[in-house]
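Worksheet for the structure shown next.
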There are 2 protein chains.
Amino acid sequence: MDPQADYPPFAVTVDLVVLTVRADQLSVLLVRRAIPPHRGAWALPGGFVHADEKLADAAARELAEETGLTGPVGHLEQLATYGDPGRDPRGRVVTVAHLALLPDLPTPVAGTDADSAEWQPVDRVRTDRLAFDHARILADGVERARAKLEYTPLATAFCPPEFTVAQLRTVYETVWGTRLDPRNFHRKVTGTPGFVTAVGRATEGDRGRPAQLFRRGLATLLYPPMLRPTTPHGRDLR
Amino acid sequence: MDPQADYPPFAVTVDLVVLTVRADQLSVLLVRRAIPPHRGAWALPGGFVHADEKLADAAARELAEETGLTGPVGHLEQLATYGDPGRDPRGRVVTVAHLALLPDLPTPVAGTDADSAEWQPVDRVRTDRLAFDHARILADGVERARAKLEYTPLATAFCPPEFTVAQLRTVYETVWGTRLDPRNFHRKVTGTPGFVTAVGRATEGDRGRPAQLFRRGLATLLYPPMLRPTTPHGRDLR
DNA sequence: GAAATAGTGTCTCTCAGACAGTATTTC
DNA sequence: GAAATACTGTCTGAGAGACACTATTTC
């Protein structure tokens, strides 16, 4: 493809909004950039798409490089694409942002372009200091995650393979920043077809009555959806 | 940006899924390609992003070129990005697809790269003959539109500035391919805060009692959402 | 036993769906 | 008047929210 007036050359990257729930905080994986531009600043993990690589594969590769994850753990989806001229001082760079939801993992590994990588609670991120337009991307990713918990079973992506209803409730409470009635939540989750399936075993050794263990179910959409309290979803007018 | 192993050059395009409701059919704007590749095949309108142009501006420019629209009519949003290697024989081309919803318009204008442009009912498009991966993009766009009618007031983007409840109902029925009870629909639309606001005038000259005219309201999300009948949203398991 | 957590049952209110009935126009 | 479309009212059933109550564990 010739770089001409109508066919200007672009670089294409993938950036990742990797979210997890740890210590009752919705947290995002950030790396400290070891190379310019924005050297020393915190940024979303990401990198250039290779010459013969699908976008989704590039995102999965970057995720594996940063977290060590290989298998089908958690959830990875395309978020949105950001390509304003000037968003990267190196030239015209379009980034296809992806959203990953993962269970709580060991401390992440620093990649090749990063000094260090760490989980930061999303409401404590200094968004005004993030590299590039990553503050915007992070905000969009968090909003997408919050919305998708309502009508998909993606909350289970934040959980280990087997989990209790209380663990799942903690995910909702943490991501949404709300409190949910444990009794109504239990009835809702177990009564929504395909959301979770009982393993048949229970936890042991905790305080209180042991809880049934569940795995994620087969549904890809929840009907009826989980409803977010106090902020009844779309009341953004007036 | 040097084209190297890690920084391979890409071309970036925008493609448009432009939908409208006309003659009780959900229809998409397609162009017949006048230049290779896929010369003579039907395709989504689109084109290369210019060197100093935002992605959204490129989409708006292409939309204006194809439809003649300039002002803030209808709705335009980013859909998703498609970038598999080999999706375009000219080289590595990533396309940022956008979704546009418009009221019924006069016959479209052919652009510079197209012999002709026309509205085709989406369920009569020969998807196996569309250029590139446009069948997939079209399917994703239609699905996005169907889903968004549920929880946003975007159905109004298919209507002229002033419309009746029956016109709005026809949009839902056409896009969803279902029948809705006119009485319950009326109660729901007028009772959902911010969905529509009454103009104060009524239609004249039709058969039957004149209908109140409405404009779109201020809400960006509908609460409670419109519910799609017979396919209760997420019952895709079992 | 007390404390803690898991899980069930019951009441009420809201709202979607069904559909009778009324209002206002054209023919 | 009949036919057509616009709109209102009423009933019923499903489900969300509130919360009393029972069950099973650790201490």
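Counting other beta carbons within 10 Å of each residue's own, what order do B:35, A:137 fall into, fewest first?
If I rank by nearby Cβ atoms, fewest first, I get B:35, A:137.
Give the angle, between 0 and 90 degrees and rounded to the nearest 10, that separates the Cα long axis of helix B:134-151 from the longest principal axis of the Cα atoms of chain B.
For helix B:134-151, the angle is close to 30 degrees.
Among A:180, A:44, A:149, which one moves the most in a GNM of chain A with springs linking Cα atoms closer than 10 Å?
Largest GNM mean-square fluctuation: A:180.
Compute the label-point distances linking residue B:124 to its equivalents in the other copies; points lie 7 Å from Cα along Cα→Cβ; give nm, one decimal, shortest first.
Listed shortest first, these distances are 6.1 nm.
Need one number: the % of Cα-Cα pairs in the stretch A:11-150 sitting beyond the 18 Å mark.
52
Quick check: residue separation of residue B:218 and residue B:203 times 0.36 nm, minus the Cα distance between them. What number comes out in nm?
3.1 nm
Limiting things to C-alpha atoms, what are the Rg and the maximum Cα-Cα separation (Dmax) for chain B, in angstroms?
19.6, 69
Suppose you put the label 7 Å out from Cα in the Cβ direction; list, shortest first and in nm with one decimal, how far residue A:90 is from each other copy's label.
2.5
Hey, fewest Cβ within 10 Å first, where do A:66, B:173 land in order?
Going from least to most buried by this count: B:173, A:66.
Looking at the protein assembly as shown, I'd like the Rg to Rh ratio, where Rg is from alpha-carbon atoms and Rh is Kirkwood's inverse mean 1/r.
That ratio equals 0.98.
Could you give the length gained on full extension between residue A:64 and residue A:135, defined as 0.36 nm per residue of separation minus the Cα-Cα distance, in nm?
Between residue A:64 and residue A:135, full extension yields an extra 23.3 nm.
To one decimal place, what Kirkwood hydrodynamic radius in Å is obtained for the stretch B:76-183 from all pairs of distinct Cα atoms?
Across the stretch B:76-183, the inverse of the average 1/r is 16.0 Å.
Based on the Cβ-Cβ distance of residue A:166 and residue B:187, what FRET efficiency does E = 1/(1 + (r/R0)^6) give at R0 = 51 Å, to the nearest 0.05?
For residue A:166 and residue B:187, the calculated efficiency is 0.80.
What gaps in nm, shortest first, separate residue B:166 from its twins in the other copies when you place the label 7 Å past Cα toward the beta carbon?
Distances to the matching label points in the other copies: 5.9 nm.
At a 10 Å Cβ-Cβ cut-off, how would you order B:164, A:220, fewest neighbours first?
By the 10 Å Cβ count, ascending: A:220, B:164.
Put +1 on the Cβ of each Lys and Arg and -1 on the Cβ of each Asp and Glu in the protein assembly as shown; which of A:68, A:42, B:145 then has its Cα farthest toward the positive end of the dipole?
B:145
Rule-based calculations on the coordinates, nothing more; no lab input. Keep in mind that this is a model prediction, so the values were computed, not measured. Because the Cβ atoms are built from the backbone with ideal geometry, glycine has one as well, and the counts that use them run over all protein chains shown.
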